[in-house]
Amino acid sequence: MKTKFSLSSPNIFLPIATVLFLLLYTLTLQPLFGVLCLASFLAYVSLDFLTGAEKKGRSSLVDVIYAILAAAVVWLALSAALQTPSPLDVVTSCSMNHVLDRGDLVIVQGQSVYNAPIVDFEGNFPEISVQRSNCTVSKRGQNSTIAICTSHIILKNSTSIVNVSVSRSQVPTNDVIVFESKIAGLIIHRSILGLRNLTTSQVTYMTKGDNNQVVDQEAGIDFIESSKVHGRMIARIPLIGYMRLFLAGQFTEPRGCDTLVETT
């Protein structure tokens, strides 16, 4: 028997409502639309499980278990194919604006070394300082203002001084990486410099959000050991990640999303 659908049917209305509320949320940033988006999505999933179980003569709990197992298999397959324990991640902040937006789903690929300028050293860790210069920062609904941003990293050891630019215009080919941080969990930022210990071959990375005024290590984030890097971004899918944010109750735009660092 063929099932008849109409625009008034929940099978059609709820997915349309989910997409509509998601679009309204991205346009207005009103938490109410995020709540409605999540509610319509959960209602659709619940209805689909219940009707599917009724047709197949089994409990909805069995369908839930099947869905969880299928998701686990897909995750493990992606992890094996992309060689990383975190093949998918979601952008939760606006620190990578210009390249990544909040709510983007990021596809991650693991590898041994990530694209960034590499500085070799032996013995003691180089002495590191930063150079700052003027940059243009604009807040939503306000005129642009002049601020101070980190523009260069200066490394000094017993034999040489190396000056590395971290200006956004100078690092567009550096990999955007996903890494573990003690203070913030997983972070998606750009690798701006690698420090390679010639004795151990260990590479330690310095990172920066494209929309941040300072390097992460100036803001209290540890230098990133290569073992803490889950992989590099190879693709992004806009908007899809919002559903994960909504499930975590993150309906309000985080601090800093109203600010755009125009030039550094």
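Of all residue pairs spaced 6 or more apart or on separate chains, those with beta-carbon atoms under 9 Å, a first member in region 170-190 that is assigned to a strand (DSSP E or B) and a second member that is among the aromatic types (Phe, Trp, Tyr) are Ile177/Tyr114; Ile177/Tyr205; Phe179/Tyr205; Leu186/Phe179; Ile187/Phe179; Ile188/Phe179; His189/Phe179.
Give the residue, chosen from Ser129, Ser158, Ser138, that is modelled with pLDDT of 90 or more and either exposed (fewer than 12 other Cβ atoms within 10 Å of the Cβ) or more than 21 Å from His98 (Cβ to Cβ) (or both). Write out each step before concluding.
Details: Ser158 fails: modelled with pLDDT of 90 or more; Ser138 fails: either exposed (fewer than 12 other Cβ atoms within 10 Å of the Cβ) or more than 21 Å from His98 (Cβ to Cβ) (or both).
Every option except Ser129 fails the conditions.
Conditions first: (1) of a type outside the set (Asp, Glu); (2) over 18 Å from the mean Cα position of the chain (by Cα); (3) crowded, with 17+ Cβ neighbours inside 10 Å; (4) over 19 Å from Pro172 (Cα atoms). Phe223 passes all but one, so which condition is the exception? Of (1) of a type outside the set (Asp, Glu); (2) over 18 Å from the mean Cα position of the chain (by Cα); (3) crowded, with 17+ Cβ neighbours inside 10 Å; (4) over 19 Å from Pro172 (Cα atoms), only one is false for Phe223: (3). Against the list (1) in contact with a helix residue (DSSP H, G or I) (Cβ under 8 Å, 6 or more places away or on another chain); (2) over 18 Å from Asn211 (Cβ atoms); (3) surrounded by fewer than 17 Cβ atoms within 10 Å (Cβ to Cβ), the condition Gly110 fails is (3).
Please give the number of the condition Ala81 fails out of (1) part of a loop (DSSP other than H, G, I, E, B); (2) loosely packed, with under 14 Cβ neighbours inside 10 Å. Going through the list (1) part of a loop (DSSP other than H, G, I, E, B); (2) loosely packed, with under 14 Cβ neighbours inside 10 Å, Ala81 breaks only (1). Restricting attention to region 149-169, the residues that are over 30 Å from Arg236 (Cα atoms) and not in a loop (DSSP other than H, G, I, E, B) add up to 6. Identify, please: which residue in region 216-264 is touching a helix residue (DSSP H, G or I) at 6+ places or on another chain (Cβ under 9 Å) and under 30 Å from His152 (Cβ atoms) and is, among those, modelled with the lowest pLDDT? Filtering first and then ranking leaves Thr264.
In region 224-263, which residue that is among the basic types (Lys, Arg) and out of contact with any Asp or Glu (no Cβ under 7 Å at 6 or more places or on another chain) is farthest from Arg132 (Cα to Cα)?
The residue in question is Arg244.
If the condition is being of a type outside the set (Asp, Glu) and part of a helix (DSSP H, G or I), then region 191-229 contributes Gln217, Ala219, Ser226, Ser227, Lys228.
The values are calculated or read from the model by the stated rules, or taken from the named source; none is laboratory data. Every value quoted in this text rests on a predicted model; they were computed, and no experiment measured them. All Cβ positions, glycine included, derive from the backbone under ideal geometry; neighbour counts span all protein chains shown.
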